[in-house]
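Note sheet for the following structure.
The values are calculated or read from the model by the stated rules, or taken from the named source; none is laboratory data. Just so you know, these numbers come straight off a predicted model, no measurement behind them. Using ideal geometry, Cβ is built from the backbone for each residue, glycine included, and neighbour counts are taken over all protein chains shown. Heads up: the accessible areas ignore ligands, DNA and RNA and are worked out on the full protein's heavy atoms, side chains in. Shrake-Rupley method; radii C 1.70, N 1.55, O 1.52, S 1.80 Å.
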Amino acid sequence: MKFKRVLIKISGEAIAGENGYGINEDVLRSICEGIKEAYKTGVDIAIVIGGGNIWRGKNGKKMDRTTSDHMGMLATIINGLALQAELDDLGVDTRLQTSIEMREIAEQHIRKKAIRHLEKRRVVIFAGGTGNAFFTTDTGAALRAAEINADAILLAKSVDAVYDSDPKLNPDAKRYDEISYEDILNKKLRVMDLTAVSLCMDNKIPIYLFSILEPQNIVRILNGEEIGTKIS
Ligand code: UDP
């Protein structure tokens, strides 16, 4: 295999399906089937789940940002539970770790424990982002990927690649098969939070952006197929 260990970042939006809000269990199921296929290749799989399908910090108009971000982090834990339930149902052994302590329902994030789970062939789901307000789960993904020595981040999106402008609005948008971290930062391409991109750059973690609308794409990337965009 091309990789030994990867971290898959799944945005909250990805599991919302067409209505863009909440959790669509059919969509969640098909994503989890894609994860199971990837798991069966023998590659270690960790997942960071977002929360934008339920709440984002910037949704709060009147409340203070920190409180609103705390709500967003709790949303990622709701999604983490849903993801875990679905993977369990498919017979995939999982552990859910949260960066905010929630003892009754999940493990607290401890790096060495997470690595041990991966070594024991469990899929580790990280919820709660970085555990700090003013960050995003993209940055959480970059952080956890660095901590567990992941060989790559698989960035699951609703778009199929990085473009220089929105392909839905601009039919001439340029599609990138490969792009450097520097170009993403300089051109301010909004494919991933810029803090996350610079963290990946510092730690030399390649990012493979692909469309999660086809969940088999996960296993295709693990098999070395060149789909989507590689950021390195
Ligand atoms: N969040 C946060 N700190 C983190 C991760 C997330 O405060 O380390 C909050 C933030 O308000 C964010 C929300 O949780 O808007 C949901 O996360 P995110 O927007 O990254 O989810 P996604 O877009 O991936 O669904």
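Can you give the % of DSSP beta bridges in the chain that are antiparallel, to the nearest 5? Walk me through the intermediate numbers first.
On the way: 5 of 33 bridges.
Looking only at bridges with both residues in the chain, the antiparallel portion is about 15 percent.
Return one quarter of the surface area of the convex hull spanned by the alpha-carbon atoms of the chain, equal to its mean projected area, in nm². Write down the numbers at each step before the final one.
On the way: hull surface 48.8 nm².
Hull-based average projected area comes out at 12.2 nm².
Over the stretch 109-215, what is the mean sequence separation of C-alpha contacts under 8 Å (at least six apart), divided by residue count, expressed as relative contact order in percent? Write down the numbers at each step before the final one.
Details: 120 pairs, mean separation 34.1, N = 107.
This gives 32 percent for the stretch 109-215.
At 1.4 Å probe size, with every protein chain present, just tell me what the per residue accessible area of the stretch 79-170 comes to in Å².
On the way: 4150 Å² over 92 residues.
For the stretch 79-170, the per-residue accessible area is 45 Å².
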Worksheet item: What is the dipole size for the stretch 93-142, taken about its Cα centre, with +1 at each Lys and Arg Cβ and -1 at each Asp and Glu Cβ, in debye to the nearest 20?
Response: 320 debye
Worksheet, complete the sentence: Sorting Met1, Met73, Met201 on solvent-accessible surface, 1.4 Å probe, most exposed first, gives Met1, Met201, Met73
Response to the item:
In the chain the accessible area split gives carbon plus sulfur, as whole percent at 1.4 Å, a share of 48 percent
Response to the item:
the chain, Gaussian network, Cα under 10 Å: of Gly91, Gly42, Gly72, the residue fluctuating most is Gly91
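Using only alpha carbon pairs under 8 Å that are at least six residues apart, calculate the relative contact order of the chain and give it in whole percent.
On the way: 483 pairs, mean separation 53.7, N = 232.
Relative contact order comes out at 23 percent.
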Practice prompt. Can you bin the stretch 91-150 into rounded, prolate or oblate? Criterion: square roots of the alpha carbon gyration tensor eigenvalues sorted a ≥ b ≥ c, rounded for a/c under 1.5, prolate for a/b above b/c, oblate for the rest.
Written response: oblate
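By accessible area of protein heavy atoms, probe 1.4 Å, what ranking do Thr66, Thr130 get, highest first?
Numbers: Thr66 50, Thr130 25 Å².
If we order Thr66, Thr130 from most to least accessible, we get Thr66, Thr130.
I need the calculated FRET efficiency for the pair Glu182 and Asp93, taking r as the beta carbon distance and R₀ as 41 Å, to the nearest 0.05. Provide the component values of the computation, followed by the final result.
Numbers: r = 39 Å, r/R0 = 0.96.
It comes out at approximately 0.55.
Take the alpha carbon gyration tensor of the stretch 69-120, find the square roots of its eigenvalues, order them as a ≥ b ≥ c, and report rounded if a/c is under 1.5; if not, report prolate when a/b exceeds b/c, else oblate. Working shown, then result.
Working: a/c = 2.42, a/b = 1.22, b/c = 1.99.
Taking the square roots of the gyration eigenvalues as a ≥ b ≥ c, the stretch 69-120 is oblate.
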Worksheet item: About its Cα centre, what dipole magnitude does the stretch 26-143 give when the only charges are +1 on Lys and Arg Cβ and -1 on Asp and Glu Cβ, stated in debye to the nearest 20?
Response: 360 debye
Worksheet item: Given q = 0.10, 0.15, 0.16 Å⁻¹, what are the Debye log10 I(q)/I(0) values for the stretch 31-156, with equal point scatterers placed on the Cα positions and solvent ignored?
Response: -0.29, -0.65, -0.74
Fill in: Of Lys4/Lys188; Lys58/Lys188; Lys36/Lys113, pairs whose Cα-Cα distance is over 28 Å
Lys4/Lys188
Worksheet item: Under a point-charge model restricted to the Cβ atoms of Lys and Arg (+1) and Asp and Glu (-1), what is the dipole moment magnitude of the chain relative to its Cα centre, in debye to the nearest 20?
Response: 620 debye
